[in-house]
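Trainee: Have a look at this one before I ask anything.
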Amino acid sequence: MSPWDPQLQRSAAAVIAGEQAAAFAYGVAGAHLASGQRAQALAGLDEHRLAATGWAAELRQAGGQSPAAASQYQLPSDVTNAQHATQLLQQVEAALVPLYADLSAASSGDVRSQAISQAMGCATRAVRWGGATQAFPN
Amino acid sequence: MLVASALATGTVVVGLQGCSISSSTSTSAPGEDYRSSASVEQALIAAYDAVILAHPSLAGALRPIRDEHKAHLSACGVPGSTAPVVTATSTVRAAISALITAEISAARAHSRAALQAADSHWVRTLTFLAASEASHVPALRTVRELETK
């Protein structure tokens with residue numbers, strides 16, 4: 001794989017950090033959700049973890065340095081019940097969309113194609129968790 | 001049902017425009033892809049207007065989504081070609097289902113256009129458009145569920 005230009009590396013690193021934070025949020029939220037929603041949250045946790053490791057591998061292959069995941073993240077607000085949990089998931093999913101839009105803009109071919117489908121997936125999940133639709137999800 | 005097919009036809013046209021973008025990037029005049037995306041948005045706005053007109057009870061749920069397409073249209077920076085006159089289907093269920101189909105086609109057309117586009121700012125915009133339109137699908141499904149219970 002040819003090395004990625006600095007802009008592409010920065011966008012990919014931002015996506016990786018965002019995905020790591022999203023996986024953390026799903027872990028926190030899942031603990032406050034009941035059966036059906038918890039299963040959905042666990043699936044989301046897997047997807048975001050997989051996305052983070054997948055992009056990290058691609059970035060390293062392309063000559064970049066992947067950010068390490070933090071062990072703790074500052075949540076925007078306390079999560080103590082199911083409503084807080086779904087709100088958190090709406091926020092983290094929507095917040096990933098601009099990161100993927102940046103990655104899409106900085107890349108081409110397969111990487112751009114993946115970035116576009118991830119942007120669509122994140123925006124869709126934000127609404128599935130009860131978030132309002134947005135013209136430019138963020 | 002006649003009306004449903006009118007909307008469906010509009011959707012097919014949208015899809016075909018998406019195809020023509022991807023197959024003729026090198027020969028298309030500059031600005032053509034902006035106009036093509038603007039036309040997709042204009043057709044969606046017309047479709048929402050028709051459904052709201054035929055089913056005023058849906059206005060509260062649909063108008064915010066329609067307005068998001070207005071914002072998308074502005075982001076295209078050019079006017080689209082005039083949208084075909086659309087009449088909404090007689091049942092709420094069919095009308096919302098047709099909007100879902102139109103949103104899926106639009107998301108597909110914009111993601112395809114994003115893959116082909118050269119200007120990075122425009123790629124970013126198209127990625128947002130595709131993401132927003134994909135997210136309209138679960139929102140419309142919820143509206144359909146609530147309205148046809």
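The values are calculated or read from the model by the stated rules, or taken from the named source; none is laboratory data. Predicted model only: the values in this text are computed from it and were never measured. In this analysis, Cβ positions are derived from the backbone assuming ideal geometry, glycine residues included, and neighbour counts consider all displayed protein chains.
Trainee: Answer yes if at least one residue in the stretch B:120-127 is of a type in the set (Phe, Trp, Tyr) and either within 7 Å of chain A (Cβ to nearest Cβ) or under 11 Å from the mean Cα position of the chain (by Cα) (or both), and no otherwise.
Mentor: Scanning the stretch B:120-127 turns up no residue that is of a type in the set (Phe, Trp, Tyr) and either within 7 Å of chain A (Cβ to nearest Cβ) or under 11 Å from the mean Cα position of the chain (by Cα) (or both).
Trainee: Turning to a different aspect of this structure: Restricting to the stretch A:73-98, what's the tally of residues that are touching a residue at least 60 places away in the same chain (Cβ under 8 Å) and either at the interface with chain B (Cβ under 9 Å from one of its Cβ atoms) or crowded, with 24+ Cβ neighbours inside 10 Å (or both)?
Mentor: Selection size over the stretch A:73-98: 4.
Trainee: Here's a follow-up. Of the conditions (1) crowded, with 22+ Cβ neighbours inside 10 Å; (2) more than 14 Å from the chain's Cα centre (by Cα); (3) within 10 Å of another protein chain (Cβ to nearest Cβ); (4) among the hydrophobic types (A, V, I, L, M, F, W, C), B:Ala88 fails just one. Which one is it?
Mentor: Of everything listed in (1) crowded, with 22+ Cβ neighbours inside 10 Å; (2) more than 14 Å from the chain's Cα centre (by Cα); (3) within 10 Å of another protein chain (Cβ to nearest Cβ); (4) among the hydrophobic types (A, V, I, L, M, F, W, C), B:Ala88 misses just condition (3).
Trainee: Mind counting the residues in the stretch A:110-127 that are facing chain B (nearest Cβ under 8 Å) and over 15 Å from the mean Cα position of the chain (by Cα)?
Mentor: Residues in the stretch A:110-127 being facing chain B (nearest Cβ under 8 Å) and over 15 Å from the mean Cα position of the chain (by Cα): 2 in total.
Trainee: On the given criteria, is A:Leu45 of a type outside the set (Gly, Ala, Ser), buried (at least 16 other Cβ atoms within 10 Å of the Cβ) and at pLDDT below 95?
Mentor: On the way: of a type outside the set (Gly, Ala, Ser): yes; buried (at least 16 other Cβ atoms within 10 Å of the Cβ): yes; at pLDDT below 95: no.
For A:Leu45, the condition - of a type outside the set (Gly, Ala, Ser), buried (at least 16 other Cβ atoms within 10 Å of the Cβ) and at pLDDT below 95 - is not met.
Trainee: Take the stretch B:52-69 and flag every residue that is away from chain A (no Cβ under 11 Å) and among the small types (Gly, Ala, Ser).
Mentor: Correct list: B:Ala54, B:Ser57, B:Ala59, B:Gly60.
Trainee: For the stretch B:62-72, state whether one or more residues are part of a helix (DSSP H, G or I), among the hydrophobic types (A, V, I, L, M, F, W, C) and surrounded by fewer than 18 Cβ atoms within 10 Å (Cβ to Cβ).
Mentor: Yes, there is a match, as at least one residue in the stretch B:62-72 is part of a helix (DSSP H, G or I), among the hydrophobic types (A, V, I, L, M, F, W, C) and surrounded by fewer than 18 Cβ atoms within 10 Å (Cβ to Cβ).
Trainee: Within the stretch B:81-111, track down each residue that is in a loop (DSSP other than H, G, I, E, B), modelled with pLDDT of 85 or more and in contact with a Leu (Cβ under 7 Å, 6 or more places away or on another chain).
Mentor: Answer for the stretch B:81-111, where residues must be in a loop (DSSP other than H, G, I, E, B), modelled with pLDDT of 85 or more and in contact with a Leu (Cβ under 7 Å, 6 or more places away or on another chain): there is none.
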